[in-house]
Each structure stands twice: as C-alpha cells, then as structure tokens.
Amino acid sequence: ELQQKVEETELLKMELQMLETERVRLSLVEEKLMDVLQLLQQLRDLNISKRALGKILLSTLESCRDPQPGKAHLFEVLDTLYHELTACELLQSQPPEKAQSRQSLSNPLVISC
C-alpha cells in the first residue's frame, strides 16, 4: 500500500511538472500574440493597405510551411509574423515618440474591424 502511494505521488509530480511546462508555453504564446496584436494595431493606425498586410501574412505562412523539429509550430508562426511586422516599412519610418504615444493611449487588446 505504501509503495502504491509512492507511485501515485510520483505520477502526480510528473503531471504537475507537465502542467507547469504547458503553462509556461502558453504564457510565452500569449506574450508573443500580444506583441503581434500591438504591431497590427499600429499598422492599422498608419493605414497599411490590405494588400501589404496580406503580403506580410503570406510571407509568414510560406516561411513556416514546414515546421522545424523541436519548436512549437504555433509559436514559430507568431514569432515569424512578429518579425515580418517589425520589418514593415511603415513602422520603420514612423518616429519612435509617435509610436510610443499611440501605443500608450490605446488598449493593445482592442482591434476593431
């Protein structure tokens, strides 16, 4: 009976560790998603064309077509999209103080269609 309790305890510890690992992974995905949403909002405020935004999205999807082994595909796509968006010429040409003021005035979670 004692051996059974020890095995149950070990099993519960392993499950807890897996849950903690998943929580950390989801937290990282959430942070990257927030960053992407903020960039999309900034680009919307700068009136980026739908065509340019579509090209960025297609470029991201093309580069993430074949998932890299050992890397979460969702995070890879979000990370690639983040880098594609930060390389956007509209954001590069925007003065840094203007970008900061827009970002601090609006809620980064709200993107209206």
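The values are calculated or read from the model by the stated rules, or taken from the named source; none is laboratory data. Just so you know, these numbers come straight off a predicted model, no measurement behind them. In this analysis, Cβ positions are derived from the backbone assuming ideal geometry, glycine residues included, and neighbour counts consider all displayed protein chains. Please note that ligands, DNA and RNA were not included when accessible areas were found on the heavy atoms of the full protein model with its side chains. Shrake-Rupley method; radii C 1.70, N 1.55, O 1.52, S 1.80 Å.
Classify region 48-87: rounded, prolate or oblate, from the alpha-carbon gyration tensor (a ≥ b ≥ c, eigenvalue square roots; a/c under 1.5 rounded; otherwise prolate if a/b is larger than b/c)? Because a/c hits 1.5 or more and a/b exceeds b/c, region 48-87 counts as prolate.
May I ask you to list the aspartates and glutamates whose Cα is less than 18 Å away from that of Lys13, ignoring any residue fewer than eight positions away on the same chain? By straight Cα distance, Lys13 reaches Glu22. Packing around the peptides 48-58, 3-13, taken as the average count of other Cβ atoms within 10 Å per residue, puts them in this order, highest first: 48-58, 3-13.
The accessible surface of region 48-87, taken with every protein chain in place and a 1.4 Å probe, is 60 percent carbon and sulfur.
Selection among Leu11, Leu46, Val29 by position relative to the dipole of region 1-47 gives Leu46 as farthest towards the positive end (Cβ unit charges, Cα centre). Straight Cα distances below 19 angstrom link Lys50 to the aspartates and glutamates Glu62, Glu84, Glu89, with same-chain residues fewer than 8 positions distant left out.
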